[in-house]
Amino acid sequence: MKKRTLLILIAAAVVIVAAGIFITVAVINAKTIKVAFYGLDERVQKAVKGEIDKMNFRRVRYYVLDEEEIISNDYKKKYSILIMKNSLLAKMSEDDFIPMREEIFEALPTSIRNSTLSSSGKSHYALPLLLDHFEIAYYRILQEQLNFEPPQSYGALLRCLEKMKEEIDIPLVCAGANDNNLFAFVSVMSEILYGAEDYKKMLSVVKDNASLNKDNLPEELTRVLDEIKAMQNKELLYPAWTKTSSRDIVYFMQERKIGAVSMYLSDRRKIEYNLIKYYDSNFFPRYNNRVEHGLIAPLISAFLLTKKTNAALVLSRLVSSDVQSELSNMSLLAPVASRAESVDRQADDVRFWAASSAAGALGGIEEECETTGERRHLLAQKIRAYLEN
């Protein structure tokens with residue numbers, strides 16, 4: 001009987017210890033800030049990690065999610081903060097995110113903070129952190145030779161490219177062999193021709209058309225593609241741009257063959273300074289400056305997933321001026337806070353252009369219309385097929 005009682009007591013003690021361990025682990029996990037990154041390059045991840053680690057919270061864990069997979073429905077239970085590009089995926093999930101207090105956004109220009117307003121317009125589903133930008137950069141030597149200022153209208157841009165054509169092999173080029181660059185160029189052309197509101201309508205049509213092929217791309221998109229084809233046919237835009245790689249761009253720069261190049265700010269950073277320093281970045285001039293415009297500037301944003309940790313405090317610090325300055329310096333992207341120091345003139349210009357554009361920062365076609373890499377690639381191939389025929 002005593003032996004049986006002893007065994008019962010031992011079993012009870014084991015259960016109590018196990019329960020204690022379980023409760024302790026649960027409490028620790030509840031207080032741990034879990035930060036997940038989705039679809040961001042290592043430089044941005046490193047910049048954000050570095051700034052969060054400086055905050056000296058006791059427990060922070062980081063996770064890198066597979067960007068080839070749609071985020072699972074239970075990610076809200078797993079993480080405290082999700083950091084990714086503001087996109088269709090984010091807008092589809094906005095009801096899963098914790099709305100943020102308005103005072104967190106006070107450091108941001110109005111047009112940038114409005115980029116993450118919920119569909120109801122009453123709260124923010126995400127906090128902007130950094131801005132990329134799809135720019136046009138002019139070869140300064142040719143610019144001085146032809147004595148022109150950066151064009152301020154689409155018509156002036158075409159006339160400028162015509163003059164460049166007389167002096168240089170390639171007036172304008174983009175590394176369109178890369179899907180992201182292809183989408184960005186088509187997106188920026190769509191926005192400058194349509195204006196922000198009609199650009200958003202075009203995105204909605206493309207998103208809702210699930211059976212796209214090169215023969216039935218929606219008219220709202222093919223109008224833009226036809227304008228691009230006209231530029232190709234006149235050789236104002238390099239005819240083989242849809243097959244051109246970033247390595248080709250570097251070669252063309254070395255050979256001084258390019259009058260202007262279109263690229264992301266983040267890609268600009270990867271080119272040797274002794275080459276890229278001769279290319280002055282600017283925003284694409286608009287067809288009609290009387291309508292409201294935005295800037296094709298992918299927005300890296302933070303999404304709050306829990307109320308149980310210091311996650312909201314982390315986010316408020318990430319948009320403070322000092323931290324924003326460091327994020328810009330480390331990521332080489334543009335800060336979103338009004339008073340933060342930018343890493344350089346290019347980043348400072350991007351923030352100013354986004355802040356001064358009525359519609360603020362806008363995403364590209366791939367971010368706003370598709371949620372998987374496979375479907376984005378299929379759409380890119382259809383666009384290439386249309387442009388190359």
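Overview of values
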read-out	value
Total formal charge among the other residues, if their Cβ is under 12 angstrom from that of LYS91, Lys/Arg +1 and Asp/Glu -1	-2
Proximal charge balance of GLU106 [Cβ under 12 Å; K/R count +1, D/E count -1]	+1
Residues whose placed amide H lies under 5 Å from that of HIS293, excluding near-sequence neighbours	ALA196, ALA358, ALA359
For the chain, built as a Gaussian network whose Cα springs stay under 10 Å, the top-fluctuating residue of TYR125, TYR38, TYR75	TYR75
Cα-based Rg of the chain normalised by 2.2 N^0.38 Å, two decimals	1.16
Stretch gain in nm, segment SER338-GLU149, where the contour uses 0.36 nm per residue and the Cα spacing is subtracted	65.3 nm
Table column - 3J(HN,Hα) (Hz), segment 281-298, Karplus curve with 6.51, -1.76, 1.60, x for Gly and Pro	6, 7, 8, 5, x, 9, 5, 9, 6, 7, 9, 6, 10, x, 10, 6, 9, x
Within segment 307-383, GluC sites (Glu not before Pro) in DSSP loop having at most 16 other beta-carbon neighbours inside 10 Å	GLU341
Computed lengthening from LYS200 to ASN389, 0.36 nm per intervening residue step minus Cα-Cα distance	65.4 nm
Restraint check, LYS31/LYS76; LYS163/LYS229; LYS257/LYS277; LYS31/LYS91; LYS122/LYS200; LYS77/LYS201, Cα-Cα greater than 24 Å	LYS31/LYS91; LYS77/LYS201
Anchor LYS243: aspartates and glutamates whose Cα lies under 13 Å away (excluding residues fewer than 8 positions away in-chain)	ASP179, GLU388
Karplus 3J(HN,Hα) series, Hz, for segment 60-67 with 6.51 cos²θ - 1.76 cosθ + 1.60 (x for Gly, Pro)	9, 10, 10, 9, 10, 8, 6, 6
Other-chain or far-sequence residues with amide H under 5 Å of LEU172's (modelled H)	TYR238, GLY259, ALA260
Alpha carbon Rg of segment 101-249, scaled by the compact-globule rule 2.2 N^0.38 Å	1.26
Listed peptides 164-176, 137-149 by packing density, highest first (mean Cβ within 10 Å)	164-176, 137-149
Formal net charge of residues neighbouring GLU220 (Cβ-Cβ distance under 15 Å; K, R +1; D, E -1)	-3
Rg and Dmax of segment 227-385, Cα atoms only, in Å	18.6, 60
Most mobile listed residue (LYS54, LYS34, LYS91) in the chain, GNM with C-alpha springs under 10 Å	LYS54
Portion, in percent, of the accessible area of segment 317-389 that falls on carbon or sulfur, probe 1.4 Å	46
Amide H partners (placed H, <5 Å) of LYS34, local residues excluded	ARG61, SER80, ILE81
Whole-Hz ³J(HN,Hα) from phi, Karplus 6.51 cos²θ - 1.76 cosθ + 1.60, for segment 40-49, glycine and proline x	10, 6, 5, 5, 5, 4, 5, 4, 5, 4
Top of GLY155, GLY360, GLY259 by mean-square fluctuation, Gaussian network on the chain, Cα under 10 Å	GLY155
Antiparallel %, DSSP beta bridges [both residues in the chain], to 5	55
Rg/Rh for segment 266-343, where both radii come from Cα atoms and Rh is the Kirkwood radius	1.08
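The values are calculated or read from the model by the stated rules, or taken from the named source; none is laboratory data. Since this is a predicted model, take the numbers as computed values, not measurements. Every residue, glycine as well, gets a Cβ built from its backbone with ideal geometry; the counts of neighbours run over all protein chains shown. Side chains are part of the model used for accessible areas, which takes the heavy atoms of the whole protein and leaves out ligands, DNA and RNA. Shrake-Rupley method; radii C 1.70, N 1.55, O 1.52, S 1.80 Å.
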